[in-house]
Amino acid sequence: MENTGLVVHGQAAPFSTALRSLVNNPQYSDVCFVVGQERQEVFAHRCLLACRCNFFQRLLGPGVPSPVVLSTVPAEAFLAVLEFLYTNRVKLHRYSVLEVLTAAVEYGLEELQELCLEFVVKVLDVGLVCEALQVAVTFGLGPLQERCIAFIEAHSQEALRTRGFLELSATALLPVLRSDKLSVDEAELVQAARTWARVGAAVLEQPVAELAAPVVRELRLALLSPAELSALEEQNRQEPLIPVEQIVEAWKCHTLQRRDATRSAPCRRRRGTLPRDHHRFLDLHFK
């Protein structure tokens, strides 16, 4: 008679609890990490990390001394990563999930990345959406980028007033400004772009116009009234933001007042565009 075996399983919960007790536990630890700007010490076990994650397998190869410095990941996010590697589960929080997601992407932890993405979508709100968009653009997370853009389209005025909006890179801001579905008027969008450029220029020590150059082309100046355009032109003389030729192109739309002359200009109405008298001369049918 053939001797066949049977795989049986003990209880998963005590096993997970026991492993979790080893997270950041110096007892029996054989590697120490110094993580984040606060340089917090975190204790771990080489064999467990190496068998669970190729990144750590390479990082903790033979001869690598301890401590290992990981200065770009915050301590709380790193501890969440360790919790997942030790127990295959993790407690996520709205205020830190993007940092955990960033670490998951950088460490090649696809399952943790998917868990973070699902959580972000569930808790996405005005305060989080621009930060999430920046992470999505930075790491090429297309579905998350689409969800963030759709959220900003629906809550444009609120999103434009957040700190996260001011901290967007030009690359992340571009798809926002290209959207026809923003629920905000162009005058407010121009002012938001100016505020964004001022903040970024101060942080990066660049001229405002130089920093704004990649994004201001997406502003649809032809939608502004003549009075608004004149005021913008005067403000632009005092604080250069928009190329002069772009303003000239907008004036042409007002002067010619013929649809065949304005189709090449950025005249499409957005969802939140307020009506103005001259709009009847432009190719403005919103789709």
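The values are calculated or read from the model by the stated rules, or taken from the named source; none is laboratory data. Please read these numbers as outputs of a predicted model, since none were measured by experiment. So basically every Cβ, Gly included, is an ideal-geometry build from the backbone, and we count neighbours across all protein chains shown. Only protein heavy atoms, including side chains, enter the accessible area calculation; ligands, DNA and RNA are left aside. Shrake-Rupley method; radii C 1.70, N 1.55, O 1.52, S 1.80 Å.
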Exercise. From Gly127, Gly61, which residue is of a type in the set (Gly, Ala, Ser) and under 25 Å from Leu168 (Cα atoms)?
Worked result: Gly127
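Within segment 220-249, count every residue that is farther than 20 Å from Ala201 by Cα, part of a helix (DSSP H, G or I) and of a type outside the set (A, V, I, L, M, F, W, C).
Residues meeting the conditions: 8.
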Problem set entry | Selected residue (only one of Ala193, Ala159, Ala136, Ala172 is part of a helix (DSSP H, G or I), open to solvent by less than 10 Å² (accessible area, probe 1.4 Å) and under 25 Å from Phe84 (Cα atoms)) | Ala136
Exercise. Do we find that Glu233 is in contact (Cβ under 8 Å) with a residue 12 or more places away in the chain and open to solvent by 10 Å² or more (accessible area, probe 1.4 Å) in this structure?
Worked result: yes
Problem set entry | Sole exception among (1) in a helix (DSSP H, G or I); (2) in contact with a Leu (Cβ under 9 Å, 6 or more places away or on another chain); (3) within 21 Å of Val135 (Cα to Cα) for Arg94, by number | (1)
For this session: Name the residue, out of Phe33, Phe15, that is in contact (Cβ under 8 Å) with a residue 40 or more places away in the chain and of a type in the set (Phe, Trp, Tyr).
Result: Phe33
Problem set entry | Scan of segment 97-132 for residues that are in a loop (DSSP other than H, G, I, E, B) and either among the acidic types (Asp, Glu) or in contact (Cβ under 8 Å) with a residue 60 or more places away in the chain (or both), ordered by number | Asp125
Problem set entry | Conditions (1) outside any helix (DSSP H, G or I); (2) open to solvent by less than 30 Å² (accessible area, probe 1.4 Å): number failed by His254 | (1)
Problem set entry | Looking only at segment 28-58, and only at residues there that are part of a loop (DSSP other than H, G, I, E, B) and open to solvent by 100 Å² or more (accessible area, probe 1.4 Å), the one that is nearest to Asn88 (Cα to Cα) | Tyr28
Exercise. Of the residues Val126, Val68, Val90, Val100, which is of a type outside the set (Lys, Arg) and out of contact with any Cys (no Cβ under 9 Å at 6 or more places or on another chain)?
Worked result: Val126
Exercise. When you look at Val248, is it surrounded by 18 or more Cβ atoms within 10 Å (Cβ to Cβ) and out of contact with any strand residue (DSSP E or B) (no Cβ under 9 Å at 6 or more places or on another chain), yes or no?
Worked result: no
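What tally of residues in segment 61-76 results from selecting those that are over 22 Å from Leu92 (Cβ atoms), open to solvent by less than 20 Å² (accessible area, probe 1.4 Å) and in contact (Cβ under 8 Å) with a residue 12 or more places away in the chain?
Summing the residues that are over 22 Å from Leu92 (Cβ atoms), open to solvent by less than 20 Å² (accessible area, probe 1.4 Å) and in contact (Cβ under 8 Å) with a residue 12 or more places away in the chain in segment 61-76 gives 1.
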